[in-house]
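Please treat every number below as a calculation from the coordinates, not as lab data. Quick caveat: nothing in here was measured; it's all calculated off a predicted structure. Cβ coordinates were reconstructed from backbone atoms using ideal geometry, including for glycine residues, and neighbour counts include every protein chain displayed.
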Amino acid sequence: MALSKAIFIRNANQLVTLQGGAHAPLVKEAMSELGIIENGSVWIEDGVIQAVGTDEELLAMFEGRLDEAEVVDASGKLVTPGLVDPHTHLVFAGSRENEFNMRLQGATYMDIMNAGGGIHATTRATKAASNEELFHASYGRLNQFLRHGVTTVEAKSGYGMEWETERKQLEVAKRLNENHVIDVVSTFMGAHAVPKEYKENPDEFVRLLVEEMIPMVAELGLAEFNDVFCEHGVFTPEQSRVILEAGKRHGLIPKIHADEIEPYEGAELAAEVGAISADHLLKASEKGMRAMAEKGVVGVLLPGTAYFLMAESANGRKMIDLGVPVALSTDCNPGSSPTVSLPFIMNLGCLKMGMTPAEVITATTINAAHALNRGQEIGSLEVGKKGDVTIFNIENYMKLQYSYGVNHTDTVVKNGQVVVRGGHLVEELSLS
Ligand code: NIG
Ligand code: FE
């Protein structure tokens with residue numbers, strides 16, 4: 001898209017800036033310091049934030065240039081940085097409502113997976129799908145993310161677990177990043193499950209990941225992060241360590257699906273290998289949480305997954321009190337969290353994890369940006385950052401979590417361009 005005129009967002013009832021967290025994720029009390037400006041305004045030009053302040057201040061600065069800008073009236077509304085979703089399995093084919101039905105009748109997530117369904121079912125569908133089909137399905141999901149105020153989305157591979165399909169997923173993610181206005185950040189997750197043919201010899205699959213797939217992902221520049229499902233019956237902490245260390249040698253930053261179903265010292269491992277984030281953490285130990293706090297590993301919590309698997313959520317309250325920088329995410333995937341609604345996840349963050357509305361805002365903006373190594377570019381409204389802004393049709397940030405199950409997104413500005421207006425995508429985005 002060509003660069004357009006300047007955008008002047010004016011007079012928000014609350015402009016949530018999150019200023020001051022660009023260099024490190026926010027922890028403890030700082031997670032509640034939202035840097036709110038009342039009657040706040042933002043001037044964006046060339047895709048970048050040029051000024052943030054009260055409407056009076058910005059009017060004084062730009063008085064002579066008002067006719068150059070598209071003015072967006074935010075009076076009575078809440079304005080935040082564009083929301084960031086730091087953990088999704090965006091690129092997949094098919095759908096698993098049949099498993100949802102089975103789980104409602106008593107089957108467990110792991111039972112279904114071990115019987116060849118679950119991740120394996122989505123892997124079959126993703127293998128069978130063409131590049132084009134995957135692109136269109138995922139593009140449609142990105143449109144839905146955008147309608148919910150999200151401007152950056154992480155996307156994992158892992159529905160292939162053999163080179164061709166892993167590569168296909170990562171190439172689709174790359175093409176989405178190039179073609180959709182949302183920034184798509186890629187993670188290689190070949191270690192998502194042990195394929196059936198390696199059940200008797202999982203170390204051989206680990207060898208394949210370490211010696212073949214990880215080096216190829218790095219060489220082709222297909223991902224920034226390397227993730228592993230460290231779980232009883234999937235990858236052991238020892239295997240996970242080997243996989244994550246191999247990624248590091250090839251410049252891929254470690255992430256880890258840790259302590260999701262059973263306690264497995266995943267949080268401890270995240271701290272040990274210097275992971276940028278440890279995700280899920282439903283069953284994380286206090287020792288693991290303390291280790292994460294010490295090393296500044298972001299805890300990416302996914303209360304939608306706990307809700308959907310009918311499990312107890314991670315202890316977000318305790319993690320924040322111990323000094324873990326906490327972020328929140330949808331975990332958007334067809335098995336354990338088929339949603340794109342980060343605002344709904346925010347409500348669960350409050351009601352299921354004891355987080356305050358202010359902490360939840362931090363967890364879906366600046367801390368989520370840090371979980372993607374982008375704390376300096378996005379996640380707060382500060383001069384020099386990307387012009388990514390979401391305007392909600394409500395008066396204040398608490399109402400965003402309070403008034404739940406409703407999409408309050410009114411306007412989304414991405415890279416300094418209005419891409420959602422009045423809750424609807426602007427025309428040229430409506431590809432699917
Ligand atoms: O984050 N835990 C592993 N991976 C996903 C679920 C993927 C799926 O079920 O398709 C998760 O929960
Ligand atoms: Fe996940």
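Kindly flag which residue pairs out of 168/196; 127/283; 156/196 have an alpha-carbon separation exceeding 28 Å in this structure. From the list (168/196; 127/283; 156/196), the Cα-Cα distance tops 28 Å for 127/283.
Can you tell me the 0 to 90 degree angle between the C-alpha axis of helix 237-249 and the longest principal axis of the chain, rounded to 10? On a 0 to 90 degree scale, this one is about 60. Determine the sum of side-chain charges near residue 295: Lys and Arg each +1, Asp and Glu each -1, restricted to other residues whose C-beta is under 11 angstrom from that of residue 295. Charge balance near residue 295 sits at -2. Enumerate the aspartates and glutamates that residue 77 could reach by cross-link, defined here as Cα to Cα under 12 Å, with residues fewer than 8 away along the same chain left out. Once the sequence-local aspartates and glutamates are set aside, what remains near residue 77 is 38, 395, 410. The 3J(HN,Hα) values that the Karplus relation (6.51, -1.76, 1.60; θ = phi - 60°) gives for region 357-371 are, in residue order, x, 5, 4, 5, 5, 4, 5, 10, 10, 5, 5, 5, 4, 5, 5 Hz. Gly and Pro appear as x. Classify region 1-43 as rounded, prolate or oblate from the Cα gyration tensor: take a ≥ b ≥ c as the square roots of its eigenvalues, call it rounded if a/c is under 1.5, otherwise prolate when a/b beats b/c and oblate if not. It is oblate, given that a/c is not under 1.5 and a/b is not larger than b/c. Here the calculated FRET efficiency for residue 201 and residue 144, from their Cβ-Cβ distance with R0 = 45 Å, stands at 0.65, rounded to the nearest 0.05. Over the residues of the chain, the helix contribution to mean residue ellipticity at 222 nm works out to -10000 deg cm²/dmol, using -39500 (n - 2.57) for each DSSP H run of at least 4. For residue 136 and residue 29, the FRET efficiency from 1/(1 + (r/R0)^6), where r spans their Cβ atoms and R0 equals 51 Å, is about 0.70. The alpha-carbon of residue 5 sits under 13 angstrom from the alpha-carbons of these aspartates and glutamates, leaving out residues fewer than 8 places away in its chain: 45, 46, 67, 68, 70.
Here the calculated FRET efficiency for residue 232 and residue 101, from their Cβ-Cβ distance with R0 = 22 Å, stands at 0.30, rounded to the nearest 0.05.
3J(HN,Hα) along region 35-51: x, 7, 10, 7, 6, x, 9, 9, 10, 10, 8, 6, x, 10, 6, 9, 7 Hz, from the Karplus curve 6.51 cos²θ - 1.76 cosθ + 1.60 with θ = phi - 60°, whole Hz, x for Gly and Pro. Placing a label point 7 Å from the Cα of residue 38 along the Cα-to-Cβ line, the residues of region 374-407 whose backbone N sits under 20 Å from it are 392-400.
Using C-alpha pairs below 8 Å separated by at least 6 residues, the relative contact order for region 196-284 is 25 percent.
Applying a DSSP loop filter and a limit of 13 other Cβ atoms within 10 Å to the GluC sites (Glu not before Pro) in region 284-344 leaves 312.
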